[in-house]
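Q: Following this message is one structure expressed as structure tokens.
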Amino acid sequence: MTASPARAGALDLEVAERIEESAAVVSLRLRAAAGELPPFLPGQHLPLRLGLPGRKLATYTISSDPGDRSGYRLSVKLEAAGLGGSAHLHGLKPGDRIAAEAPRGRFVLEESDRPVLLLTGGIGITPALAMLHALSRQPERPVVFLHACRSREELCFGDELDALAARMPGLTRITVLAEGSAEDLQAGRCQHLGLIDRALLRRLLPLDAWQTYLCGPEGFMAAMRAALASLGLPDAEIRQESFGGAPAPAPAPAAAAAPATGTATVRFARSGIEMPWDPAQASLLDFAEAQGLSPDFSCRAGICGSCACRKLEGETEYSEDLLEEPAEGEILLCCSVPRGPVVLDL
Ligand code: FES
């Protein structure tokens, strides 16, 4: 089992600008304190080393234009129930420094000419912003951007979205306010009141082969996924990223490490479950969940360390380059697959 050199992608960043987008959302423009910044793909996030107790890395989606190489913009909602990362970032000011790792993540806009559906809830808008900037270089490409918020007070990035819409004739932009009013409709702050549901999706979306990107809170994504499935959108065409630690089944990586065959068994020692490994599962975390277990997780991308689990016997390998090795004897379930029979302390 190997990990990438942990410090190879280390970045020294400086806050260039702090922008209050709404009462709860602050954007930080970050630039390199020295040297050049690596590029990022639309939808990727930035792992930050904030030095918070019990948390080595915190990840935030980059919301800026991937074509802008002068820096990264992070747009962060203050989360009362979070682990302190959002409060820390909200407290930063221009000139403050942040240690980070190179951008990463598999929730990225695929290069294609196919119609795109961006379906976002709340602060889940952040990857869609980066994706819209990228899509603005294909202005005729059909794009539907459907964004749900609770109220007008939560709306952000209006001027930026107006500017994007002005140069994207293929873009249909619809904002839905759960607690909006007739005045919001008249003022053009939203085009629909209530929740996004099957009936609205059916009315708005012409039949097409949509490449769909879902991003938002857990309940929102579950409801959207079910509604889209009921409209006949193949599940394989939906990519999703959760905000707030919700389950986010990611597609199996294209170059995943060769896993063990179905003859290997995985034993969860504390749960008393032993099952043949299923090669269709992307990771031991997915496999454990498929057996009804609920291991801790957050990023599902080998970054946060929350899925660390003691390996009692057997060999595993990683399908991701790790930023940090877990403690001796532990593996990160979210990006591990077995190489033979394995026993886990779960
Ligand atoms: S869930 Fe974050 S490292 Fe596995």
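The values are calculated or read from the model by the stated rules, or taken from the named source; none is laboratory data. The model shown is predicted, which means the values in this text are computed figures rather than measured ones. Glycine also receives a Cβ, built like all others from the backbone with ideal geometry; neighbour counts cover every protein chain displayed.
Q: Within 14 Å of the ligand (Cβ to nearest atom) and modelled with pLDDT of 90 or more - does that describe any residue in region 273-282?
A: no
Q: Among the strands (runs of 3 or more DSSP E) confined wholly to region 7-119, which include 2 or more residues that are in contact with a helix residue (DSSP H, G or I) (Cβ under 7 Å, 6 or more places away or on another chain) and not aliphatic (A, V, I, L, M)? Show your work before the answer.
A: Details: elements: 11-20, 25-32, 45-49, 58-61, 72-77, 97-100.
Correct list: 72-77.
Q: Does residue 112 fit the bill of being at pLDDT below 95 and in contact with an Asp or Glu (Cβ under 7 Å, 6 or more places away or on another chain)?
A: Here the answer is no, as residue 112 does not meet what is asked.
Q: Do you know which residues across region 297-327 are within 12 Å of the ligand (Cβ to nearest atom) and β-branched (Val, Ile, Thr)?
A: 303
Q: Limited to region 283-296, what total is found for residues that are within 16 Å of the ligand (Cβ to nearest atom), surrounded by fewer than 22 Cβ atoms within 10 Å (Cβ to Cβ) and part of a loop (DSSP other than H, G, I, E, B)?
A: The qualifying residues number 4.
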